[in-house]
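A.B. asks: First, the structure itself, so that you have it in front of you.
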Amino acid sequence: MTQRNETTLPDKRREGNIELLRIVCMLIILGHHLAWHGVAMQSPVTENRVIATFLFAGGMTGVNCFVMITGYFLAPFKSKRFFSTVLQTAFYSVGLTLVMKYTGWNEGITGENIKDSALIVTRSPYWFVVMYLGLNAVLPVLQPAVKNLNRNAHLWILIVSAVYLSVIPTVTFQNPSSQFFHQLTWFFFLYVLGAYFRKYPNRFTRCWLVHGAVFLGMVTVIAGLCLWGRYNPDLFQRVGSRQNFFADKNTVPQLICSIALFLFFTGIRVKPYRLLTLLSGASFGVYLIHDHMYFRSMIWNRWAQVWQACQGDGFWKTALLAPVTIYLACAVIDMLRKYLLEKPLMKLLDPVFEKIDAYLQK
């Protein structure tokens, strides 16, 4: 039997732990949006405000882990994936805008708004999609470069990048001079970080109990810092008085929190059940539906009634049930879209995608 060395990559079959991580990340993001877009963090009830702040604290953890998953599989550029992401985003961006306008749910939507919803890159309502597409656009260069890095060079790049992108902005309370460049370079860093954990597993990366404890501890720290910032706004003047600064995706507490959650799931074993993979595969659609800029107010304010819930004693029920219910509802919608529209179209275009990928691999 051939001895496995530390840089051998596992096979690319479905891994139930990563599928489950995708679902958990989207549930965390849903909780974050419940607290933020549902305005639950402004609740006059102290206990509810604390619950909402805990939900808010993990939002960027979910975002970071999604990008790290891409790096963990050392995903190369695939024209089919890129094109389907663009089409899926346009479908929900334009489709939900039209639904909101012509059902009368938002009569203030104009023709200009509809046109903007179709410009998913230049005027996208989804910042994550723009950065994700930007990451994918450089994968023909980034993926082989990262794949061929030796361990010392890989680690050195991560250390320098972490200091520049995370440590320095955190300790100096700095806002990035360019949001676009900052977010894009942060996605590059997360890709390289995820790839490192895949290429060089060790005893530390497999200590899932430790990572689970660190994750819970860091969520508590971030939530505590957000609550502390609420009562000390003067300390956050350098970052536009954003009392939630430490919940940002690139701060040191958030980076540690993201790594801990990611390593917790890579350290456990879960069977890739069919239902699990179906729900996981719909996670991006769940994001596009629930965070549509016109549709989300309908979800949180009219249907989930978050503001009303956070006025009383039963808010914890809403905090637990609303993200799960919204995930399942949006997942069903996205599965129908995928099997009725996307699969037939992609099947017709497969020969084109194969030619594009073959050309890029030359």
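The values are calculated or read from the model by the stated rules, or taken from the named source; none is laboratory data. Everything numeric here is computed off the predicted structure, so don't read it as measured data. Here Cβ is always computed from backbone atoms with ideal geometry, including for glycine, and neighbour counts include all displayed protein chains.
A.B. asks: Filter segment 301-312 down to the residues that are over 14 Å from Leu30 (Cα atoms) and among the hydrophobic types (A, V, I, L, M, F, W, C) and list them by number.
C.D. replies: Trp303, Trp307, Ala309, Cys310
A.B. asks: For segment 225-254, name all the residues that are outside any helix (DSSP H, G or I) and modelled with pLDDT of 90 or more.
C.D. replies: Listed by number, the residues that qualify are Asp248, Lys249, Asn250, Thr251.
A.B. asks: Which of the helices (runs of 4 or more DSSP H) found entirely inside segment 255-352 contain at least 2 residues meeting this: loosely packed, with under 14 Cβ neighbours inside 10 Å?
C.D. replies: Result: 274-281, 315-337.
A.B. asks: Continuing with this model, one more query. With the structure loaded, tell me whether Pro140 is touching a helix residue (DSSP H, G or I) at 6+ places or on another chain (Cβ under 6 Å), at pLDDT 90 or above, in a helix (DSSP H, G or I) and loosely packed, with under 15 Cβ neighbours inside 10 Å or whether it fails that test.
C.D. replies: So Pro140 fits the description; yes.
A.B. asks: Out of Val63, Val67, Val86, report the one residue that is surrounded by fewer than 17 Cβ atoms within 10 Å (Cβ to Cβ) and not in a loop (DSSP other than H, G, I, E, B).
C.D. replies: Val86
A.B. asks: Out of curiosity, is Glu15 surrounded by 18 or more Cβ atoms within 10 Å (Cβ to Cβ), at pLDDT below 95 and at negative phi?
C.D. replies: It is true that Glu15 is surrounded by 18 or more Cβ atoms within 10 Å (Cβ to Cβ), at pLDDT below 95 and at negative phi.
A.B. asks: Which condition does Asn106 not pass, out of (1) modelled with pLDDT under 95; (2) assigned to a helix (DSSP H, G or I); (3) touching a Phe, Trp or Tyr at 6+ places or on another chain (Cβ under 6 Å), if it passes all the others?
C.D. replies: Unmet condition: (2).
A.B. asks: Still on this structure: Considering only residues of segment 180-229 that are under 26 Å from His154 (Cα atoms) and small (Gly, Ala, Ser), which is nearest to the chain's Cα centre (by Cα)?
C.D. replies: Among those residues, the one meeting the criterion is Gly194.
A.B. asks: Another one. Among the residues of segment 201-210, is any in contact (Cβ under 8 Å) with a residue 24 or more places away in the chain, closer than 28 Å to Leu55 by Cβ and assigned to a helix (DSSP H, G or I)?
C.D. replies: There is at least one residue in segment 201-210 that is in contact (Cβ under 8 Å) with a residue 24 or more places away in the chain, closer than 28 Å to Leu55 by Cβ and assigned to a helix (DSSP H, G or I).
A.B. asks: In addition: When you check Ala40 against the structure, is it over 20 Å from Leu288 (Cα atoms) and crowded, with 23+ Cβ neighbours inside 10 Å, yes or no?
C.D. replies: Yes; evaluated as a whole, the condition is true for this residue.
A.B. asks: Can Tyr92 be described as hydroxyl-bearing (Ser, Thr, Tyr), modelled with pLDDT of 95 or more and closer than 23 Å to Ile18 by Cβ?
C.D. replies: Against the criterion (hydroxyl-bearing (Ser, Thr, Tyr), modelled with pLDDT of 95 or more and closer than 23 Å to Ile18 by Cβ), Tyr92 does not qualify.
A.B. asks: Something else now. Please determine whether any residue of segment 303-318 is in contact with a Lys or Arg (Cβ under 6 Å, 6 or more places away or on another chain) and in contact (Cβ under 8 Å) with a residue 40 or more places away in the chain.
C.D. replies: Within segment 303-318, not a single residue is in contact with a Lys or Arg (Cβ under 6 Å, 6 or more places away or on another chain) and in contact (Cβ under 8 Å) with a residue 40 or more places away in the chain.
A.B. asks: Against the conditions (1) farther than 25 Å from Ala75 by Cα; (2) part of a helix (DSSP H, G or I), where does Gln174 fall short? Just the number, please.
C.D. replies: Status for Gln174: all satisfied but (2).
A.B. asks: Condition first: modelled with pLDDT under 90, within 21 Å of the chain's Cα centre (by Cα) and not polar (S, T, N, Q). Can you find one or more residues in segment 155-165 that meet it?
C.D. replies: Looking through segment 155-165, none of the residues is modelled with pLDDT under 90, within 21 Å of the chain's Cα centre (by Cα) and not polar (S, T, N, Q).
A.B. asks: Can you tell me which residue in segment 54-81 is modelled with the lowest pLDDT, limited to those that are at negative phi and among the aliphatic types (A, V, I, L, M)?
C.D. replies: Step by step, filter segment 54-81, then rank; the result is Ala75.
A.B. asks: Does segment 148-160 contain any residue that is surrounded by 13 or more Cβ atoms within 10 Å (Cβ to Cβ) and touching a residue at least 60 places away in the same chain (Cβ under 8 Å)?
C.D. replies: no
A.B. asks: In segment 25-40, what residues are farther than 20 Å from Leu216 by Cα, assigned to a helix (DSSP H, G or I) and among the aliphatic types (A, V, I, L, M)?
C.D. replies: Result: Ala40, single match.
Okay, residues lined up against (1) at pLDDT below 95; (2) farther than 21 Å from Cys25 by Cα:
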residue	(1), (2)
Leu263	no, no
Val270	yes, no
Ile299	no, no
Thr318	no, no
Ala322	no, no
Lys347	yes, yes
Val352	yes, yes
Ala358	yes, yes
